[in-house]
Amino acid sequence: MSQDIRWKQRFSNFKKATDQLSEFIEKGDLNKFEVQGLIQCFEYTFELAWKTMKDYLEFEGYEVKSPRSTIQTAFQNQLITEGHIWIDALEKRNLMAHTYDEEVAKQAEELIKSEYYPVIRKLLEKLEG
């Protein structure tokens, strides 16, 4: 029972974070400070995304420990379809800490908008269904 409540609470937080990320995405052109905000918003949304998957999978009876094993199990169980993009996001997350470097920040902004945001939205829609 507590597993059920935990994943639903986490899902609620994930949904709110995704809504905030959507606002950044829909804004269009961002100044350098907004890009930093977008990246930070992505970082905590991604964190909530994989932890929501983890809680959901544990509720379904799977045992997952790390973000990587969570993503792999979610992919094997068709919770997500673009496993390689999720793994890429996981690996690039550390790079994104360097937002003071404008070139790195620009690359991160592009990846978030074109690759990572769409898969986060897809997960949200799948879990809502």
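With respect to (1) at pLDDT 95 or above; (2) buried (at least 17 other Cβ atoms within 10 Å of the Cβ), the lone exception for Lys16 is condition (2). Would it be correct to say that Thr52 is under 12 Å from the mean Cα position of the chain (by Cα), under 24 Å from Gln9 (Cα atoms) and polar (S, T, N, Q)? Yes: the conditions hold for Thr52. Scanning the stretch 16-33 for residues that are among the basic types (Lys, Arg) and either within 23 Å of Lys122 (Cβ to Cβ) or without any contact (Cβ under 8 Å) to a residue 12 or more places away in the chain (or both) yields a total of 2. In the stretch 82-94, the residue that is modelled with the lowest pLDDT out of those that are surrounded by 14 or more Cβ atoms within 10 Å (Cβ to Cβ) and of a type outside the set (Gly, Ala, Ser) is Arg93. Within the set Glu103, Glu125, the sole residue that is modelled with pLDDT of 95 or more, loosely packed, with under 13 Cβ neighbours inside 10 Å and in a helix (DSSP H, G or I) turns out to be Glu125. Identify, please: which residue in the stretch 34-59 is of a type in the set (Ser, Thr, Tyr) and in contact (Cβ under 8 Å) with a residue 40 or more places away in the chain and is, among those, surrounded by the most Cβ atoms within 10 Å (Cβ to Cβ)? So, considering only residues that are of a type in the set (Ser, Thr, Tyr) and in contact (Cβ under 8 Å) with a residue 40 or more places away in the chain, the one surrounded by the most Cβ atoms within 10 Å (Cβ to Cβ) is Thr52. Across the stretch 88-112, the number of residues qualifying as touching a helix residue (DSSP H, G or I) at 6+ places or on another chain (Cβ under 6 Å) and either in contact (Cβ under 8 Å) with a residue 12 or more places away in the chain or closer than 25 Å to Arg10 by Cα (or both) comes to 8.
The values are calculated or read from the model by the stated rules, or taken from the named source; none is laboratory data. Being a predicted model, the structure only gives us computed values, none of them experimental. Reconstructed Cβ throughout: ideal geometry from the backbone, glycine too, with neighbour counts over all protein chains shown.
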